[in-house]
1. If I compute solvent accessible area with a 1.4 Å probe over the protein chains, what percent of it on region 360-461 is carbon and sulfur?
2. List the trypsin sites (Lys or Arg not before Pro) within region 638-740 that fall in a DSSP loop (any state other than H, G, I, E or B) and whose Cβ has at most 13 other Cβ atoms within 10 Å.
3. Report, in degrees rounded to the nearest 10, the 0 to 90 angle that the Cα long axis of helix 697-710 makes with the longest principal axis of the chain.
4. Under the Karplus relation 6.51 cos²θ - 1.76 cosθ + 1.60, θ = phi - 60°, what is the ordered set of whole-Hz ³J(HN,Hα) values for region 488-502, x standing for Gly and Pro?
5. Quick one: order Leu653, Leu27 from most to least accessible surface, probe 1.4 Å.
6. With N denoting the number of residues in region 653-805, provide Rg(C-alpha) divided by 2.2 N^0.38 Å, to two decimal places.
7. State the percentage of accessible surface on region 29-106 attributable to carbon and sulfur atoms; use a 1.4 Å probe and exclude ligands, DNA and RNA.
8. Which entries of Lys268/Lys421; Lys335/Lys645; Lys73/Lys574; Lys168/Lys237; Lys196/Lys268; Lys335/Lys627 show an alpha-carbon separation above 19 angstrom in the structure shown?
Amino acid sequence: MLLVLPSLAGDLKLKYTQPAGNWTEALPVGNGRLGAMIFGGIRNEHLQLNDATLWSGAPRDWNNPAAKEILPKVRAAIFAGDYVKAGELCKMMQGPYNESYQPLGDLRLTFPGGGNISSNSYERCLDLDNAIATVRYRDGDATFTREIFSSYPDQVMVMRLTCDEPGKINFTATVDSLLHYHVTADGNNTLVLSGKAPSHVDPSYLNSRNPIVYDTGTNAEGMTFNLYVRAFAEGGKVSCDGETLSVTSANAVTLLLSAGTSFNGPDKSPGREGRDPVAGALRPLKAAQTKSYDDLLTRHVFDYQKLFRRVELHLGETSGASDLTTDARLARFAKGESDPGLAALLYQYGRYLLIASSRPGGLPANLQGIWNDSMRPPWSANWTLNINAEMNYWPSEVANVAECHEPFLDFIQMLSIHGRKTAGVNYGAHGWVAHHNADIWGQTGPVGNYGYGDPVWANWAMGSAWLSQDCWEHYAFDGDKKYLREHGWPVMKGAAEFYLDWLIEDGQGHLFTAPSVSPELAFIMPDGQHANVSMACTMDMSIIWELFTDCIDAAHVLGTDQEFAAKLEAARAKLYPLQIGSRGQIQEWFQDFQEEDVHHRHTSHLFGLYPGHQITPATPEFFAAAKRVLEIRGDDGTGWSLGWKINFWARLLDGDHAYLLISNLLRPVGDNTRISYEAGGGVYPNLFDAHPPFQIDGNFAFTAGVSEMLLQSHLSETIGKDEVRILDLLPALPKAWPDGSVVGLRARGDFELAIAWQQGKLASVSITSLAGNSCQLHYGQTIMEVKLKRGGTLTLNAKLKQRVQ
Ligand code: FUC
């Protein structure tokens, strides 16, 4: 029996009245590592399964010592204005492509046919409030229910099959995989799938003759893995015959799914020095089977709700909307009918997906979180560092799931070790560097297979600077100096050391980067030639400005490395500055080149607006020029591009324009999974964001963007000797959401807020200062200084009268 749990107010269910016809209709569950896409078929249930650690390949050397010799030639070509030649030379600095995230396997349940399914009795839903997926239908007089969840505390996936009439549960179960595998029975209630991953898989975008390579020799390379499916029936009988598990005449059944891989960290061969995947799967399985279903469920729900229930969001309801299926709501919204509850649902879905794909001790969410059914997933389902991986973590702090940030912070720390070698070998530089792509093996060198990748993405060398922002932001939100000192600062400082070496003087007092690309856009030179490598692209300069600024602040906070901080201050003052182009826009390149695609999805030159904080209302010319960029780029794009634009418009304090982007992002794209680099982002029926194809960053950017519309805290004011955080309330509230409330948003400086509004105006705000910091409250033109004790809360009503608790 499902325990009755008090439900959070509001509409927190994705629901459907038919089984999933394809993968982007299936519903995702996950515990950060073990994921499933649940199709919910009546006669044929299908769970497509993933383990976040299952990847192709093995540790390898991606550094390219020849790069050091080529770099001066690249720079010479750039100084001579020969950008085409510079691009060609850049290719010779590349290394191998990264590896690919692999699907684990599939569990298929077959239920005997011949029943009398009542057509209107079927329902399938995912409840975001408890992270349980449910399938329910009536067959004759009996109601059948399946509940599925992936438990973080118990590290197993659980499926419970029940019926309101005794002895009616009958099914057979099989498991298979796209990878090399075989299945055996373990006793009379367990199927074991044992498999092996390829030793190499080429990225999806490569047209190669032999893209998937298995090593089959003795002492073979490649990750091994095991999947266990164990059945416990109440009443009836369970048996296992070779590759099929059968359940007959049971009252209820609990299936436990457990998986292990030989992944043993990024520096150990998974084929030769791997962990034992059998032990990895059996340990949690054996522990879980000593617990009752109710116990497993309670532990799962308790663990999940601790994170999920921290934020409540109400944007207003449209009568009857929450009774509709999710696909019907999407279709109705696309026709222009209002449904603010749908935006709130997508907001909470972003938080759900982060909790389900990124938990402490594991890997960070990749391009698809943890959900992938292909051996050659789009862009390898890797970590793409020129926007996508960072975007995944934008909501983590503000939307109050900071624990989910941890896997990414750990991953960055690992990259900082590998990237130190790359900086030295490839460029003879200090510190650490990462480029466009990373994989489970911690790739930090430029990809491209020594000359085949386009430098416009492959040779982008800004990864370590952008990733360091995550370390600083993590500290900025919760003020954990121990984290900053021991983990964040070494990563940030190492990145700054690299860029101090990477920057060059132009002889006129400026520091700039070369080679430099604006991801992933080419420009047209006055003579009509197209090129993409030049120098001092705005994104480079803004990311470095941000890194140096964060480092200077960090050194100050920690009272450390004063000389280094002074060096950074001097360098920051000399960075090639932001330029305003002939169309009144922030210039994308060091010169006012024409962009090859005026509507390009990347808007890299606005890094300083978001996620950076170089462009603010305090720099009105650049603020206006940033707006101009967005007007020129337009309001369409891939899913993540739309998501980024929500955040940009929020920072430009234009809620209605941010809402326009929200409407575009909520566009249903049906089952279209054909790669589009142009316009056409939206959402699938299961609310996964569509690049297209599915890419999870758009989901996370959406949640970050809505948060940013309701609360901003990236600015501060110097009052006396103190740097005081500015908390800007409802800075970009759209007319479409006149009444609403949010509880639990986090602000930098360790604040937690509850905000309510009516008729488009602030109605009340409650601020808790967890660290006892002061802040300055902004609402429109109203400014108020707030001083609070540690743990103190201030509540203000509509007229900003104060009531201190
Ligand atoms: C970059 C983007 C693509 C896609 C891929 C994962 O190359 O330009 O749009 O998001 O990463």
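The values are calculated or read from the model by the stated rules, or taken from the named source; none is laboratory data. Keep in mind that this is a model prediction, so the values were computed, not measured. When we count neighbours, we look across all protein chains shown, and the Cβ atoms used for this are built from the backbone with ideal geometry, even at glycine. The accessibility values were calculated without ligands, DNA or RNA, using every heavy atom of the protein model including side chains. Shrake-Rupley method; radii C 1.70, N 1.55, O 1.52, S 1.80 Å.
1. Heavy-atom surface of region 360-461 belonging to carbon and sulfur, 1.4 Å probe: 53 percent.
2. Here the sparse-neighbourhood loop sites are Arg674, Lys721, Lys735.
3. On a 0 to 90 degree scale, this one is about 70.
4. x, 4, x, 5, 5, 5, x, 5, 4, 4, 4, 6, 4, 6, 6
5. Leu653, Leu27
6. 1.23
7. 60
8. Numbers: Lys268/Lys421 17 Å; Lys335/Lys645 22 Å; Lys73/Lys574 24 Å; Lys168/Lys237 12 Å; Lys196/Lys268 16 Å; Lys335/Lys627 28 Å.
In this structure, Lys335/Lys645; Lys73/Lys574; Lys335/Lys627 lie more than 19 Å apart at Cα.
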